[in-house]
Every structure is written in structure tokens, then in C-alpha cells.
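Data block below; observations after.
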Amino acid sequence: MTSWIEKQRSILDYTLSSLIRRKGKNISLFIVYTLVVFILASAMFFTEAMKREASLILKGAPEMVVQRLLMGRYDPIPLDYLQKIRGIRGVISADARLWGYYYDPAVGANYTVMAPRNQSIAQGKIIIGKGIARVRMINKGDILSFHAYDGQVRSFTIDGELPAASELVSADLILITEAGFRDLFGFPASHATDIVVSVRNPQELLTIARKISEQLPDTRPIIRDEIVRTYDSVFDWRGGMVIVLIMMALLAFVIFAWEKASGLSAEEKREIGILKAIGWETSDVIAVKTYEGSVVSFFSFAFGILLAYGHVFFSSAFLFAPALKGWSVLYPDFRITPFIDPHQVGILFFLTVVPYTVATIVPSWRAAIVDPDSVMRS
Amino acid sequence: MILHPAIVALVLVSFLIGGMMIYSAFFGVRIIGRWDIKSGSEEQLALERKTYLISTILSYVFVFQIGSLFLYVYTADSLHNLFVGAMCAAGSLYVDPYGYPTFILKILNCILAGLWLIVNYVDNRAYDYPLIRKKYVMLLILTPFFITEGISQWLYFAQMRADVITSCCGSLFSSERSGVGSEIAGLPVKAAMAGFYLSLVLTFATGLVFLIKEKWGRLFSFASGLLFLMSCVALVSFISLYFYELPTHHCPFCVLQREYGYIGYLLYAALLTGAVSGLGVGVLVTIRGGASLSGTLPLVQRRLAMICFLAYAMFAGISIYRMVSTDFTLGLF
Amino acid sequence: MIRLLNVRKGFNLGRTNEFIAVGGVDLSLEGNRITVLKGPSGSGKTTLLSLIGCMSRPTSGRISLLRNLLGNNGFLKDGDTPEVEVTSLPERFLTEIRRQTFGFIFQQLNLIKGVTVLENILLPAYPLGKKHGVVKKRAEELLDMFGLGDRAAARVEWLSGGEAQRVAIARALMNDPPIIIADEPTAHLDSKLSREFMDIIAHLKGQGKTIIIASHDPLVFEAPVVDRVIAVRDGMIDGAGA
């Protein structure tokens, strides 16, 4: 056993020294390898981080929202539905919400306009998100004008900005009074956007949802878990899609690795021939090649992951955030919370190191089976 | 099909492993047909060199197979929130009929690849390669298992559908799928305990006889295989309960999670090592080999038996320590 | 101590470029002697040398070695014949025999460039898995023996011709093999260095080594220390040898 360890140590020693001697050859491999790991890791870290952010936001979302459908499309919900819902056993509360979108042609962005339920705002005042303040270059005390449903202009004084902490959710948010909201959109007083419901026992959510849709057949209850699930699968799908696209690059990389491993220089061939002539066995040479591959893999993998980590979590994935994040012009200026789990590293390992290793098995073996007497024949 | 990165990775690896196995089997057939150690012909020399390639490939297959087993469980676990009612990997694997067969095939293939490597190791230590034909026949038997696993895994993922809001107007209820139980039903605890402790004692007793008197090798091997199965049963039936400190959570997968300090990896690694080394003894006893192995074989067998001892002792040690040290009781005694 | 019985070695058999390098050689070599295989280039003496040195396997015929030459290879421990036939051993075991039984000195020296003198000498010992300290001490002793003690850390491409030659010999002696095989060792040396080489060879014989040299250099095969000269031509032995 000790002799086995001693032997592996010696072979590893030799491998390292021969890697250093052939820096040039290995550097191009290292760069390409690192790049592949970097791209894949960035894509994965980013989608995973988005998934987490989304689920963090959804944690604060109501357990159940009830919308009204008309002709299969969303429609404002009458306020007298509230009573019926409150009457269902197990429902703690049901509240109407008022919110909608306003398109601002000046910056080409959609704002979310909302009348908060538990925050009082003075008549004629609004509170805006950081994103809006930034793109419109306005501050507390300034006046923001809107085109109302009837074509007239309504102006509101800015009473403050929303705290930065919740920026991902609130960048495009405008808080307004209920009266202001109904006036701006011409929204009838008898209706609301939707109704949020909270229940006593989360296990009964499905039952209560079923009861609501039985009693109010033109509504649709949406349960938070379903949204989480939908989000998750959308993000998974995006991430998987990106990886399938990158597969082409991966294939190119594997071919490159194969070429690199097969294209031994005359010098290298001679060296292996010498080793075999002076008593190294084929499996010893295969071990050298295996160690060589492992060392290259280890450094490329580690370095690629580090780069991707910096890219995603410190530069907010500037390279492909525009492609993956969504449609909004009002990019929240936020840092994604750094997060890596071993699962992701494992997946990355299987997507990069494993194909690389498989691609080098046959070339390594071919290099190792040089005839020991080849150095005598030349 | 769900296009999750982990699924892409698992499918990719199954393709690679399947490809490597078929490639090896192809040369295996040639070796079985044309091997002639006495010959100095160029063909024989070429075949001898191929054996190095196949050994290398199988070592990688073994390593990747173990990785893929754990990645598979981990992936099933991380997918559970896509399915209504699934609480962890146990639930995700129930989503379609291929989840559990794939899982079992993965474990089986780890053990098979491990056994092949043991035979290969022994064979390479005898100057006339006495086991070469048996070894490659074994390889041919192994290959279909790996291919089946790949297909089964493909079917599992291909049939998978997430329970998502698909339509904005249709019925939106997540139908409560029948069969997606998050909980694996517990087996009768007392019977499982009896089985586990009995096979533990049997393995150690026969193992001692084997180490001291060099007989009963096959019995010991059988006992260690039985112990592997009984340990799995025990894990589901009662050991897991002590780790979770919940009287109804029988899941064998959650121990792999961070909440339990990843202790599951140690438990499963110990179990797999125990099974491979214990069964390895039996395989070596059965295939024997000739005079050229008379020096190596007993040595390797003894070493395997010791490894088997250590591995199972570790599994039993960790489990029993947990059962004794926790406040949680099943109220049996 | 080494016996060859009707040994043949061919390449590319059955193809148009078929080539028989050694065709039916019977030969017996004694221990603690210096034997020279003499012949023009392409006569098959190098192939014969590689067959004797367990570097390659004959296409047919048998080669046997005396058992006590084989070092402590576990796989051959309990045989009862005094000789071991190595012909049908797989490469894995031929290599094990080779690295303990034979030391090689090549025509091109074949030192590994970019690597220090010390490491070059250590290389044959790596696969043995002996303790690094022990092996290193042995290498340093060899370096001192050949007056290279102060060159240990130098790279081999910085060495003079004579130094490089001595490093190659030191490497051949690294695993303390009973048999030294040298292939055209003086082909690239001037007369002075060639004589120096033969002196070293004579010294090694004095230590009990068996030496087999392939050469067509008169300085080698006419040297007084040589015990036996065997003429090789067209893959066959010419006559019975001197």
C-alpha cells in the first residue's frame, strides 16, 4: 500500500514537471476549457439565482388570489364577491386589491400602479420606486403627470421613494390613493382588480379554492404554490435551453480536447518511448496522462467557476442579463445574492469534466502503448 | 420532458457510459474469440494492449456511475417542488413508473462495475491472465444492464410533466395525482430490526470464519449481500426515523441533505463499499483461477473481507450511535 | 543464464511490407561476461537486443532467463524450474522483469530534455514505488561514483558529451540490474570517450554485471575486456561466435 502511494506520488511529481515544461501547449487548452466552464457556470448560476430571487419574492405573496374571468380573459372582480368568499369556512380574510399597469411613452416603460391597503397616502400624492425616479430623473417634491383614461392629464406630487432594499420588486412601482387610482383609470367603484384570500389551514387551500370556483363559477383562484412551480419550471426550462444551446460549444470543445490529446509532438512521443524503454509500464504512462488531465481539469474547472461567480454575483451577469432577465426597461440595479450549492457544481462537473475526460481516454491510451523498443529503432 | 440542467447532465453521462460500455464490449468479443497468450503474433500483442484501454474505460465508468447515482437522487430531490404532493426525492421518483427502476439499476450497476474491477485487478496480477475470458464474458453481461439503465432513465425524464399553470382559462386545479406519495410506507419495524441485526451478526460471524479458516467464503459473500439489502430496508423502516426524529418520515433520501450534515453520503458510501467488497469475495471464490493466482487470490480475498468488515461496521456504527444518542424513540422498548 | 531457442521476430506479417528482423536464432549467453553482437546496421542486432532485454516479444521461439536474475517479482516466486520462460509473458510482466533485471544504454542516450540530471537518473525507479529518500540516496551515490555529484541540479542539455554519456550509464544502473544492455553506445563518441566508456564497462564487469553490447565499432568488439563476439547478419548468427 505504501509502495503504491509512493509510486503514485513519483508519477504525479513527474506529471507536474512535464506539464510545466509544456506550458505553451497546455495554456491554450486551459483557456478554452476555462471559457467553457465559465459560460456554462454563468448560465447556471444566473438562472438558479433568478429562481431563488423569484421564490423569495413569492414568499411574501398572498397564499391565494381570486380573479374574475370574462370570455376566458381576466376582468375586474365585483366587490360583492368579497362577502361570499368570507362566508366560506376556513377563510380568515378576503381583501380587494387595486393595481394595474401604466405605459409611459416618455421612457417607453410600464409602471405598476397600485393602491396600497395598509398604507395611507395623502390626496394628490404618490410614492414611486427607485427605477422610475432614475429614468425620469425626478425626486421628492416634483410633479409627475399621467394621461388618464379620458385623455386628460392628472398630476401628482411625489411624496417619497420606496426603500432600495426591495428594489427588484419595487423599481417600477407607483403607490397611489384609492380615489386617485379609480380616477386615473376610470375604474368603477364597485369593482377591484382581484381579491386576496388567506386561509386558516394551508392544507385546506385546494378545498377552499374548489369551493370558491363552485360558488363563483366565473372566478379563478390561483394558489401561490402553483405560481412558484410555474416559475421554477420556466426558469429550469430557460436554463436547460441555454445549456442545450451551449452543447454545440461543448461539442467543439470536446473535439478540441481530443485533438490536443491526440496531437503529440515528436518530442513528447520520444519522451514516452524513453520512459517505457527504461521500465515504465503502459499503465504507468496512462496514469501520467490521467493525472495530466485531472490537473488541467481541476484548474480550469476551479478558475472557470470562480470567474462565473464573480460575473454573476458581482457584476450582475452583465454579459447576458439582457437575454435572460426579462422584458423590463426599468432594470433594477440590484446585486444577486451570492449562492452556490454542491448540486450545481456537480452538474457542471458532469457537463464539462466528464466529457473532457472521456474524450481523452483513447488518445491517452494510444500515447501509452508506444513500443518500448521504439527508441532503439529510430 | 423537463429541460433542467441536471437532467441534461444525467442524460449526457448515460450516453457516454453506454457508449463506453458498447465500445468495450465490442473489443471484449474479439478478445474472447481470439485471445492466445502463448502467441507472439501482432494481433495478440494488439489485443493485450486493448486490455489496458478497457481497464481504463471501466475504471472511469465505475467512477462516473457512482457520481451519476448521487446526482440522480439529488436531482430527483431538487425537482420535487414541480410536482404536487412530492416532498422530496421519494415523491419525485414516483412521478412515473421509471423513477425507481432507474434508481435500482444505478445501484446495481455501481456494484457490477465494482465487481468487474475486482476481477480485473486480480487477473492482472497473474502472469498468464487466467481469468481473461471469464472477465470479458462478464463484461458482455454487464453491458445490457448499463444500456437498460440509460433507456430507463431517459423514459423517466421524458415522461415527466411538471404540474404548472398551463392554461389561463381551463380548469386550473392541480389534480391530485394518485400515486405520488411523498412517504415511503414503513415496514414493520420489529421485523426489519430483527432482519438487520441477524444479517449483521451472520456477516461478521461467517466473515471471521473466512478470515481465520479460509472457508465459507461464499456463505460470507451471500451474507454480506443480504446485509446490504437488509440495511436498505432498515434505513427505510427505522434508521431514517432516528435521523429525522419524526415517527412517520421513512424517506431514505433526505439523509443526503444538508440539514442532516450530508451524513447520508457516508452511510451510502459505506453500504456500497460493503456490498462490492463482500460480493467480490464470493465472485473470487467462485471463479477461482489457476496456479498462477494461488499467491494473489487469498490475499485479495482477505483484504476485501476486511474492507467489507470496516464498511459495514461504519454503517452499523453510525446508525446505532444515532439511535442511542438521540432522545427520539420509537417506543418499542 | 540467457537462452534463446529458435527465436524469430517479424513485423507486418502477412502484409506486403512484411519484414523478418530476426530469423531463427539459437543462442546461449553466460553470466558476468561482456558479449558483443557485431554486425552492420540493419543486421537485426538491435532487434535481438530488444528481445533479450524483454522489450518485445518474439513472434515465435523461446527465451528463458535464470530465475535468480528476476529480482523479487511476486508473480514468479514459487516456481521450481531453475529457468523461467519469458516468451509468453504479457507486456505488464515483461516490464516488471525488465526494470529490475536489465539496465539500458542507448545509442542516442535518450535522456529527457528539460529535466535535471538527478531526475533523469531517478526515472527508472519511479514505478518501483520505493521510498523517495532511499531512491534519491542511491541516485546521488551513482552521481558521485561517476564524478557528476556537482551536476545533479543541471539540466541534461547543458552537459558535455562525456557527462551525458555517464548520466545515461548511471540511469541504467539505477535499479541495480544484473544485466546491462548497450545499443551502439559509442556511435556518437570520439575515440577518447569511447575508450572511457569501455573502461567503465570493464569496471562494471568487475562488479559482477553481465554486459551485452550491440556495436559495429572495432574499438568495442576488439577491446581486450570483451569475452565473446557474436557476428550477426540478416537476422541470423554467423558461425558459432568467437
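A short reminder: the numbers here are calculations on the coordinates, not readings from a lab. Because the structure is a prediction, the values reported are computed rather than measured. FYI the Cβ positions are ideal-geometry reconstructions off the backbone, even for glycines, and counts take in every protein chain you see.
Could you work out the percent of alpha carbon pairs in the protein assembly as shown separated by over 45 Å, rounded to a whole number?
Details: 218392 of 453628 pairs.
Tail of P(r) above 45 Å: 48 percent of Cα pairs.
Give the angle, between 0 and 90 degrees and rounded to the nearest 10, that separates the Cα long axis of helix B:217-234 from the longest principal axis of the Cα atoms of chain B. Taking Cα atoms only, the helix is inclined about 10 degrees.
The Cβ shell under 15 Å around residue C:92 holds other residues with a net charge of +1, Lys and Arg each +1, Asp and Glu each -1. Rounded to the nearest 0.05, what FRET efficiency do residue A:80 and residue A:159 give with R0 = 30 Å and r taken as the Cβ-Cβ distance? Could you check? Calculated value: 0.40. Size of the range B:5-158: Rg and Dmax of its alpha carbons, in Å, are 18.3, 65.
For a paramagnetic label modelled on residue C:145 (point 7 Å from Cα along Cα→Cβ), amide N atoms under 18 Å away belong, within the range C:16-45, to C:32-34. Cross-link partners for residue C:38 among the aspartates and glutamates, with Cα-Cα distance under 14 Å and sequence neighbours closer than 8 places in the same chain left out: C:183, C:184, C:217, C:222, C:227, C:234, C:238. Only Cα pairs under 8 Å and 6+ residues apart enter the sum, and on that basis the relative contact order of chain C stands at 29 percent. Cβ crowding within 10 Å ranks A:34, A:230, B:286 as B:286, A:230, A:34, fewest other Cβ atoms first.
Note on the range A:77-192: Rg/Rh from Cα positions, Kirkwood definition for Rh, rounded to two decimals, is 1.02.
Once the Cα-Cα distance is subtracted from the 0.36 nm per residue extended length, the residue B:42 to residue B:294 segment shows a gain of 87.7 nm. Scanning chain A for long hydrophobic helices, with DSSP H runs required to stretch 18 angstrom or more by C-alpha along their axis and to average at least 0.0 on the Kyte-Doolittle scale, returns A:23-59, A:224-262, A:282-314, A:342-368. Taking Cα atoms only, the orientation of helix B:132-158 departs from the longest principal axis of chain B by about 20 degrees.
Remark: spin-label model distance residue A:57-residue A:319 equals 2.5 nm, labels positioned 7 Å along the Cα→Cβ axis.
Stretched out straight at 0.36 nm per residue, the stretch from residue A:150 to residue A:190 would grow longer than its current Cα-Cα span by 12.5 nm. If R0 equals 45 Å, the separation of the Cβ atoms of residue C:176 and residue B:197 corresponds to a calculated FRET efficiency of about 0.20. Projected label points at residue A:9 and residue B:145, each 7 Å from Cα along the beta carbon direction, are separated by 3.7 nanometres. Scattering from chain B was approximated by placing one identical point on each alpha carbon and applying the Debye formula without solvent; log10 I(q)/I(0) at 0.08, 0.12, 0.16 1/Å stands at -0.45, -0.92, -1.35.
Within the set A:23/C:131; B:215/C:130; C:131/C:192; A:25/B:106; B:134/B:215; B:135/C:113, which residue pairs have Cα atoms separated by over 31 Å?
Values: A:23/C:131 29 Å; B:215/C:130 35 Å; C:131/C:192 38 Å; A:25/B:106 38 Å; B:134/B:215 23 Å; B:135/C:113 41 Å.
Beyond 31 Å between Cα atoms: B:215/C:130; C:131/C:192; A:25/B:106; B:135/C:113.
Compute the acute angle (0 to 90°) between the alpha-carbon long axis of helix B:296-325 and the principal axis of greatest extent of the alpha-carbon atoms of chain B; round to the nearest 10°. The two axes meet at around 20 degrees.
Tell me the Kirkwood hydrodynamic radius of the range B:26-110 in angstroms, computed as one over the mean inverse distance between distinct C-alpha pairs. Walk me through the numbers on the way to the answer.
Numbers: mean 1/r = 0.0633 Å⁻¹.
So the Kirkwood estimate lands at 15.8 Å.
Here residue C:18 and residue B:214 are evaluated by their C-beta separation; at R0 = 45 Å the FRET efficiency comes out at 0.30. Per-residue ellipticity at 222 nm from helix content only, as computed over chain A with -39500 (n - 2.57) for each DSSP H run of at least four residues, stands at -18500 deg cm²/dmol. Panel note: the C-alpha atoms of chain A, placed on their principal axes, show extents of 99, 49, 38 Å (largest first).
Within a 10 angstrom radius of the beta carbon, how do A:112, C:35 rank from fewest other beta carbons to most? Before the final figure, lay out each step's value.
Numbers: A:112 18, C:35 21.
Least to most surrounded, the residues fall as A:112, C:35.
Per q in 0.08 1/Å, what log10 I(q)/I(0) does a Debye calculation on the alpha-carbon atoms of the range C:2-238 return? Reported log10 I(q)/I(0), two decimals: -0.30. Between residue C:222 and residue A:28, the modelled label-to-label distance comes to 5.3 nm, taking each label 7 Å out from Cα in the direction of the beta carbon. For a modelled paramagnetic label at residue B:155, 7 Å from Cα along Cα-to-Cβ, the residues of the range B:1-26 in reach, with backbone nitrogen under 18 Å, are B:1-2, B:11, B:14-15, B:18.
From the alpha carbon centroid of the range C:181-203 to that of the range A:213-252 is 78 Å.
Above 21 Å lies some portion of the pair distances; for the range A:126-214, what is it as a whole percent of all C-alpha pairs?
Details: 2006 of 3916 pairs.
That tail contains 51 percent of the Cα-Cα pairs.
Mind checking the log10 I(q)/I(0) for the range B:257-333 at q = 0.13, 0.15, 0.18, 0.23 Å⁻¹? Debye, one equal scatterer per Cα, no solvent, two decimals. Taking Cα atoms of the range B:257-333 as identical point scatterers yields -0.55, -0.65, -0.78, -1.01.
Order these by the 10 Å Cβ neighbour count, fewest first: A:13, A:104.
Values: A:13 15, A:104 19.
Result, fewest neighbours first: A:13, A:104.
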